[in-house]
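Below is one structure; the comments refer to it alone.
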Amino acid sequence: MKRIEKAYKIGQMLDKFYPETPVPLDHRDPYTLLVAVMLSAQTTDKKVNEVTPDLFSHADTPEKMSSLSVEFIQKTIKEIGLAPTKAKNLKKMAGQLIEGGGVRPDWKYLESLAGVGHKTASVVMAQSYDIPAFPVDTHIHRLAARWGLSKANNVEVTERDLKRLWPKETWNSRHLQIIFFGREYCPARSHNLNTCPICSWAATKKRIKQEMGS
Ligand code: SF4
């Protein structure tokens, strides 16, 4: 099956499995979403949602975040991974946002903020401003490879490949659907291709074998 046909069929299945794509990270506005996405690196959304109510009760604006000490921020988010670096970045980012006039849908500006890379900026663009973006994390990268949708060795090229395969207007929901699918179906270690609704017909078995052997 050609890549484009595979993508079409996978897209249809994902639309059926996940017709709704609620944003997994709790937030109130673009700023709090940006903070939550930053915090989500190397940890789970669930964990982030556990710490943000307390964090946002002290700092739901850049001004309030900027007035807190790095130590206080770190203590508030200590349950999540990389807390010392994230606390420093949150404080620095708050200062940059005060100077730059707050969060706005500007790729260059968002990616220039402390601790914000292309993936984080993509989530904010897609989920706060409804601007087509395809945030690719390691899970999406891995699934795209398993399903034979991309042979890329890095997330940048996977993003480019996936954007070519699915229409722009589907990107914002598609990336979330793949995340939901991975969470529901992909166990950490085992792949039962026969019982998996997508890998059972789409998987490149060679790739999965390689991963299992690694
Ligand atoms: S076979 Fe394994 S890797 Fe492939 S989609 Fe199913 S659960 Fe995920």
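The values are calculated or read from the model by the stated rules, or taken from the named source; none is laboratory data. Please read these numbers as outputs of a predicted model, since none were measured by experiment. In this analysis, Cβ positions are derived from the backbone assuming ideal geometry, glycine residues included, and neighbour counts consider all displayed protein chains.
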Review point. Failed condition for residue 155, given (1) of a type outside the set (S, T, N, Q); (2) surrounded by 17 or more Cβ atoms within 10 Å (Cβ to Cβ); (3) within 30 Å of residue 62 (Cα to Cα); (4) over 13 Å from the mean Cα position of the chain (by Cα), with all others met?
Key: (4)
**Study point:** From the options 135, 105, 187, residue that is more than 19 Å from residue 9 (Cβ to Cβ) and touching a Phe, Trp or Tyr at 6+ places or on another chain (Cβ under 6 Å)
**Key:** 105
Review point. Just wondering, is there one or more residues in region 160-170 that are part of a loop (DSSP other than H, G, I, E, B), away from the ligand (no atom under 12 Å from the Cβ) and closer than 24 Å to residue 19 by Cβ?
Key: yes
Exercise for review: Would you confirm whether any residue within region 138-146 is outside any helix (DSSP H, G or I) and under 23 Å from residue 193 (Cβ atoms)?
Suggested key: no
Review point. Would you pick out the residues in region 184-214 that are assigned to a helix (DSSP H, G or I), within 10 Å of the ligand (Cβ to nearest atom) and at pLDDT 75 or above?
Key: 184, 185, 199, 200, 202
Review point. Exactly one of (1) in contact (Cβ under 8 Å) with a residue 40 or more places away in the chain; (2) within 16 Å of the ligand (Cβ to nearest atom); (3) part of a helix (DSSP H, G or I) is unmet by residue 149. Its number?
Key: (3)
Practice item. Identify the single condition in (1) touching a residue at least 24 places away in the same chain (Cβ under 8 Å); (2) part of a helix (DSSP H, G or I); (3) more than 16 Å from the ligand (Cβ to nearest atom) that residue 74 does not satisfy, given that it satisfies every other one. Key: (1)
Review point. Checking residue 130 against (1) more than 14 Å from the ligand (Cβ to nearest atom); (2) within 17 Å of residue 11 (Cα to Cα), which single condition isn't satisfied?
Key: (2)
Review point. What do you reckon, is residue 120 surrounded by 19 or more Cβ atoms within 10 Å (Cβ to Cβ), part of a helix (DSSP H, G or I) and either without any contact (Cβ under 8 Å) to a residue 12 or more places away in the chain or more than 16 Å from the ligand (Cβ to nearest atom) (or both)?
Key: yes
Check your understanding: Of the conditions (1) more than 15 Å from the ligand (Cβ to nearest atom); (2) crowded, with 18+ Cβ neighbours inside 10 Å; (3) not small (Gly, Ala, Ser), residue 177 fails just one. Which one is it?
Key -> (1)
Exercise for review: Identify the residue in region 1-58 that is in a helix (DSSP H, G or I), small (Gly, Ala, Ser) and surrounded by 16 or more Cβ atoms within 10 Å (Cβ to Cβ) and, among all such residues, is farthest from the chain's Cα centre (by Cα).
Suggested key: 7
